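Undergrad: Encoded as structure tokens, here's the structure I'll be asking about.
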Amino acid sequence: SAVISQKPSRDICQRGTSLTIQCQVDSQVTMMFWYRQQPGQSLTLIATANQGSEATYESGFVIDKFPISRPNLTFSTLTVSNMSPEDSSIYLCSVQDRGFLYGYTFGSGTRLTVV
Amino acid sequence: QKEVEQDPGPLSVPEGAIVSLNCTYSNSAFQYFMWYRQYSRKGPELLMYTYSSGNKEDGRFTAQVDKSSKYISLFIRDSQPSDSATYLCAMSAGPGGSEKLVFGKGTKLTVNP
């Protein structure tokens, strides 16, 4: 299965600032997915990032708040902009692994605390 | 009604017990059902997957899907302390990223030695 390196693993940020999370995959993948995991809540899909096109955002998430870059088939970034304490969460990237048979592989996540 | 309901627990069992984890769902279009295991401070890892109704067994783990009742289960036999983790059910209407995955909230399991 794919190996995902996600950075940073955790951060504490001041409100009003922005944080960029990086996701590096050890193989080329078509789609990369960004999720949010809030305490006591389901994993929620933020957006799907395809190389060479604009990311597709789920209802409730907007590009101005969560801009995504996908410069090549192995790398993506998610920026959490103008942060507030409500953005404190775990953010995870995920890739579909060599066909649906193998499901989806997730990074270890970025634990973000906004103070 | 949420699309996927999962009792968050926590669930605490002695080593060797049989564990039953369950999810219910409301969307009859769901065809693909998965269980993920998430250790503390780690990302979810795929444990089991099934397509449509039926049972699937892999070692100590058995996944069951009852589409008529919109109910899925994961059974863990001879549970071990290393099984202590949060278990997430997930499901989708289509394969391969064509339809998004919808997750339950997860059930936190502790297996006591």
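Undergrad: Taking the options A:S1, A:S108, name whichever one is at the interface with chain B (Cβ under 10 Å from one of its Cβ atoms), surrounded by 13 or more Cβ atoms within 10 Å (Cβ to Cβ) and in contact with a helix residue (DSSP H, G or I) (Cβ under 7 Å, 6 or more places away or on another chain).
TA: A:S1
Undergrad: Among the residues in the stretch B:3-11, are any aliphatic (A, V, I, L, M), more than 14 Å from chain A (Cβ to nearest Cβ) and farther than 17 Å from A:Q41 by Cβ?
TA: Checking the stretch B:3-11: at least one residue is aliphatic (A, V, I, L, M), more than 14 Å from chain A (Cβ to nearest Cβ) and farther than 17 Å from A:Q41 by Cβ.
Undergrad: Right, here's the next one. Here are the criteria: (1) open to solvent by less than 50 Å² (accessible area, probe 1.4 Å); (2) at pLDDT below 95; (3) away from chain A (no Cβ under 14 Å). Tell me which single one B:V111 does not satisfy.
TA: With (1) open to solvent by less than 50 Å² (accessible area, probe 1.4 Å); (2) at pLDDT below 95; (3) away from chain A (no Cβ under 14 Å) applied to B:V111, the lone miss is (2).
Undergrad: Now a separate question. Could you give every pair whose Cβ atoms fall below 6 Å, whose first residue belongs to the stretch A:35-52 and is closer than 12 Å to B:G104 by Cβ and without any contact (Cβ under 8 Å) to a residue 40 or more places away in the chain, and whose second residue is hydrophobic (A, V, I, L, M, F, W, C) and crowded, with 20+ Cβ neighbours inside 10 Å, counting only separations of at least 6 or pairs across chains?
TA: Short answer, once both residue conditions are applied: A:S42/B:F103.
Undergrad: Taking the conditions exactly as written (buried (at least 18 other Cβ atoms within 10 Å of the Cβ), within 11 Å of chain A (Cβ to nearest Cβ), on the phi < 0 side of the Ramachandran plot and touching a residue at least 12 places away in the same chain (Cβ under 8 Å)), does B:Y51 satisfy them or not?
TA: No: the conditions fail for B:Y51.
Undergrad: On to the next question. Quick one: how many residues across the stretch A:60-85 are away from every other protein chain (no Cβ under 14 Å) and either open to solvent by 50 Å² or more (accessible area, probe 1.4 Å) or farther than 15 Å from A:Q24 by Cβ (or both)?
TA: Going through the stretch A:60-85 one residue at a time, the tally reaches 16.
Undergrad: Residue by residue through the stretch A:16-58, note down the ones that are open to solvent by 60 Å² or more (accessible area, probe 1.4 Å), within 11 Å of another protein chain (Cβ to nearest Cβ) and more than 14 Å from the chain's Cα centre (by Cα).
TA: Taking the stretch A:16-58 and keeping what is open to solvent by 60 Å² or more (accessible area, probe 1.4 Å), we get A:18, A:20, A:22, A:24, A:26, A:28, A:30, A:39, A:41, A:51-54, A:56.
Now narrow it down to the ones that are within 11 Å of another protein chain (Cβ to nearest Cβ): A:30, A:39, A:41, A:56.
Answer for the stretch A:16-58, where residues must be open to solvent by 60 Å² or more (accessible area, probe 1.4 Å), within 11 Å of another protein chain (Cβ to nearest Cβ) and more than 14 Å from the chain's Cα centre (by Cα): A:T30, A:P39, A:Q41.
Undergrad: Taking the stretch B:30-48 only, how many residues are open to solvent by 70 Å² or more (accessible area, probe 1.4 Å) and either facing another protein chain (nearest Cβ under 9 Å) or aliphatic (A, V, I, L, M) (or both)?
TA: 3
Undergrad: Related question: Looking at A:D97, is it modelled with pLDDT of 95 or more, among the acidic types (D, E) and surrounded by fewer than 21 Cβ atoms within 10 Å (Cβ to Cβ)?
TA: Judged against the criteria, A:D97 is not a match.
Undergrad: Answer yes if at least one residue in the stretch B:61-73 is within 12 Å of chain A (Cβ to nearest Cβ), of a type in the set (A, V, I, L, M) and in contact (Cβ under 8 Å) with a residue 40 or more places away in the chain, and no otherwise.
TA: No, the stretch B:61-73 contains no residue that is within 12 Å of chain A (Cβ to nearest Cβ), of a type in the set (A, V, I, L, M) and in contact (Cβ under 8 Å) with a residue 40 or more places away in the chain.
Undergrad: Now for a separate question. Of all residues in the stretch B:74-106, which are polar (S, T, N, Q), open to solvent by 10 Å² or more (accessible area, probe 1.4 Å) and touching a Leu at 6+ places or on another chain (Cβ under 8 Å)?
TA: Residues satisfying the conditions are B:S84, B:T86.
Undergrad: Can we say A:T113 is open to solvent by 20 Å² or more (accessible area, probe 1.4 Å), within 9 Å of another protein chain (Cβ to nearest Cβ) and under 27 Å from B:Y39 (Cβ atoms)?
TA: For A:T113, the condition - open to solvent by 20 Å² or more (accessible area, probe 1.4 Å), within 9 Å of another protein chain (Cβ to nearest Cβ) and under 27 Å from B:Y39 (Cβ atoms) - is not met.
Undergrad: List the number of the failed condition for A:S88; all other conditions in (1) open to solvent by less than 30 Å² (accessible area, probe 1.4 Å); (2) closer than 30 Å to B:G9 by Cβ hold.
TA: Condition (1) is where A:S88 drops out.
The values are calculated or read from the model by the stated rules, or taken from the named source; none is laboratory data. For clarity, every value in this text was computed on a predicted model and none was experimentally measured. So basically every Cβ, Gly included, is an ideal-geometry build from the backbone, and we count neighbours across all protein chains shown. Calculation scope for accessible area: heavy atoms of the full protein, side chains included, ligands and nucleic acids excluded. Shrake-Rupley method; radii C 1.70, N 1.55, O 1.52, S 1.80 Å.
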